Amino acid sequence: MKEISIIMAAGLGTRMLPLTKTTAKPLIPVFDTPMIETVINALNERGVSKNYIVVGYKKEQFEYLKEKYKNVEIIENKEYLEKNNISSLKAAENVLGTENCFICEADLYIKDSSVFLPELKQSCYFGKFIEGYSNDWIFETEQDRIVNIKKEGTSLFNMAGISYWLKEDAAEIAKALDGAYKEHGHETLFWDEVVNRVLDKINVGVHPINLGQIIELDTVEDLLNLTRR
């Protein structure tokens, strides 16, 4: 079945200053390859037909990707300065729910591209199991189904920056997104909080990955620690 991706690359990347003063965070190279290209390459290995990249900060720097990758399309998020990442998914609402869809953060280093290759029969978040306390986004599950998405938890699966949505579930998220946008205060929402509202309507699981397959790089220190290895 045809698959697409939405790659969210609009943010300021303030936690990686001073590098992001001149370069959009997803374009910072890791082992000579911009982070976002490790995501695109891995998706293309799977055979994704179209990669929609949602840009905002330093949007012009992403234009070369359309020439390098013939299946890349750029979508502009004009609200990235005023709103949280709910605005990036809203910017892509015309394609959300049209096909089975990956939603990916752009500031990831995909060390093992095979992480994208397994057959995915249900909507899922890619998750890395963290022993002990984590202050990151976590999943509470019941019988292999995610029932709550929140910050902080102990010995649970943590978000890994990648999720996969069956077409019908992505359409349900698109409807919830439209509803959330009508509410006062939606500006502060993460898009995952919108998903959390419809977990009773869609069947979402955790797709386990190994810790080293997808590496999230939040700070300059994270980048230096990785490249010094």
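The values are calculated or read from the model by the stated rules, or taken from the named source; none is laboratory data. Bear in mind the structure is a predicted one, so any value in this text is a computation, not a measurement. Neighbour counts are summed over all protein chains in view; Cβ atoms, including those assigned to glycine, are modelled from backbone coordinates with ideal geometry. We work out accessible area using only protein heavy atoms, side chains counted, and drop any ligands, DNA or RNA first. Shrake-Rupley method; radii C 1.70, N 1.55, O 1.52, S 1.80 Å.
Numbers at a glance
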quantity: The range 54-111 - percent relative contact order, Cα under 8 Å, separation 6 or more; calculated: 31
quantity: Surface share of carbon and sulfur [accessible, 1.4 angstrom probe, percent] for the range 97-229; calculated: 46
quantity: Sorted peptide list for 3-9, 146-152, criterion being average Cβ within 10 angstrom, highest first; calculated: 3-9, 146-152
quantity: 25 Å Cα-Cα reach of LYS175 towards lysines, excluding residues that sit fewer than 8 places from it in its own chain; calculated: LYS2, LYS50, LYS78, LYS83, LYS90, LYS121, LYS150, LYS151, LYS167, LYS201
quantity: Value of relative contact order over the range 6-151, rounded to a whole percent, pairs C-alpha under 8 Å and six or more apart; calculated: 27
quantity: Test item: Cα-centred dipole of the chain, Lys/Arg +1 and Asp/Glu -1 on Cβ, debye; calculated: 400
quantity: Net lengthening on full extension, GLU131/GLU187 (0.36 nm per residue, minus Cα-Cα); calculated: 16.9 nm
quantity: Accessible area per residue, Å², the range 1-47 with all protein chains present, probe 1.4 Å; calculated: 44
quantity: Carbon + sulfur, % of accessible area of the range 1-69 - ligands and nucleic acids excluded, 1.4 Å; calculated: 53
quantity: Accessible solvent surface per residue of the range 116-209, calculated while the other protein chains remain in place, 1.4 angstrom probe, Å²; calculated: 50
